[in-house]
Amino acid sequence: MPITYYMIYSKSADKIIISDTSDFNIEHILDCGQVFRYLKTGDCYTLFAKDANCLLQSKDGCVIIKTKFVDFFVNYFDLDRDYKKIKSELVKFDELNEPIRFGSGIRLLNQDPLEMIISFIISANNNIPRIKMIIERLCKGLGQNMGDYYAFPTLNALQSADESFFKSIGAGYRAMYLVNASRQLKDFDLDYLKSLTTSDLRKKLVSLMGVGNKVADCIMLFAYKKTDLFPMDTWTKRVYTKMFNDKTVSADVMSKNLVGRFGDLSGYAQQYLYYYFRSLKLTY
DNA sequence: TTCCAGGGATATA
DNA sequence: TATATCCATGGA
């Protein structure tokens, strides 16, 4: 039986080395809108996820990930998935040809469900620099002090905060959503939810205050690896309009039509399209 | 000054 | 079920 998979990385106690960077690009991964907690310092990036951190650096054609949390980040960066295969399937769609070439090093991260729920409630009708700033203040205000950084807050910490706190960090009218959603989450088993179908999980997530279909799709894509979905935001609506020359349909119908087109790889297709067209500042 | 950002809640028909 | 309006904030 042939072995079709090969390792793109090696790991030791304190670092991961990505030897094949054709499917791993730091900028592509960080700038495609799935993650908000990172800093650029010189030619390095510092990334924070849940209560862990790592340092990312390109060197001699490799990417080095320095961290105390090696196994956590092997999973986080989705290193055991074959992105060549995914891209070879998606590139059969003409409209994905250039976006895949442009964002060839994108990977869909396996992020923490609670962090994604809170982050994407904050993301609604907001822009990425402000989302980053609000989340940074959130961690500083409620997250555990890890020494040289702050962890993402636990659910208990989030539940201890009131509306005035969330307003003080700049959340605006989403402050009330964050208070209510945090309360509602006491009845959620976030690990169990992964076993639900995309449709059932979406129903569960949109019951949270501040979570609609788009935010739910982002949570499912970035925390639960549900890829038979296509989050429709202000950019991907423009992509749809450009692709089909039709801006009369609702976002839900757009999403449904695109999932009909890209199937189980829709979530990946969405990231390539989002990253490419946002970089072009596509307008109607 | 107005528009816009990884939209959602609410009222209304 | 489908559409209209309102919502904090700050950069462009």
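Of note:
- Top-ranked residue in the range A:128-181 [being among the aromatic types (Phe, Trp, Tyr) and within 15 Å of DNA strand B (Cβ to nearest atom); ranked as surrounded by the fewest Cβ atoms within 10 Å (Cβ to Cβ)]: A:Tyr173
- Scanning the range A:126-150 for residues that are more than 16 Å from DNA strand C (Cβ to nearest atom) and over 18 Å from the mean Cα position of the chain (by Cα) gives A:Leu142, A:Gly143, A:Gln144, A:Asn145, A:Met146, A:Gly147, A:Asp148, A:Tyr149, A:Tyr150.
- Meets criteria (surrounded by fewer than 20 Cβ atoms within 10 Å (Cβ to Cβ), modelled with pLDDT of 95 or more, within 16 Å of DNA strand B (Cβ to nearest atom) and under 23 Å from A:Asn213 (Cβ atoms)) for A:Ile118: no
- Qualifying residue in the range A:156-177 (condition: on the phi > 0 side of the Ramachandran plot and of a type in the set (S, T, N, Q)): no
- Residues that are touching a Lys or Arg at 6+ places or on another chain (Cβ under 9 Å) and in contact (Cβ under 8 Å) with a residue 60 or more places away in the chain were ranked within the range A:79-94; the one that is farthest from A:Tyr45 (Cα to Cα) is A:Phe93.
- Strands (runs of 3 or more DSSP E) (entirely within the range A:28-106) containing at least 2 residues that are touching a helix residue (DSSP H, G or I) at 6+ places or on another chain (Cβ under 7 Å) and closer than 29 Å to A:Asp148 by Cα: A:44-49, A:52-59, A:62-66
- Search result, residues across the range A:116-125 that are away from DNA strand C (no atom under 11 Å from the Cβ) and under 17 Å from A:Phe165 (Cβ atoms): A:Ile118, A:Ser119, A:Ile121
- Residue ID - nearest to A:Tyr173 (Cα to Cα), chosen from residues in the range A:229-261 that are among the acidic types (Asp, Glu) and either under 15 Å from the mean Cα position of the chain (by Cα) or modelled with pLDDT under 95 (or both): A:Asp233
- For the range A:7-27, residues that are crowded, with 17+ Cβ neighbours inside 10 Å and part of a loop (DSSP other than H, G, I, E, B) total 3.
The values are calculated or read from the model by the stated rules, or taken from the named source; none is laboratory data. If you're wondering where the values come from, they're calculated on a predicted model, not measured in any experiment. Because the Cβ atoms are built from the backbone with ideal geometry, glycine has one as well, and the counts that use them run over all protein chains shown.
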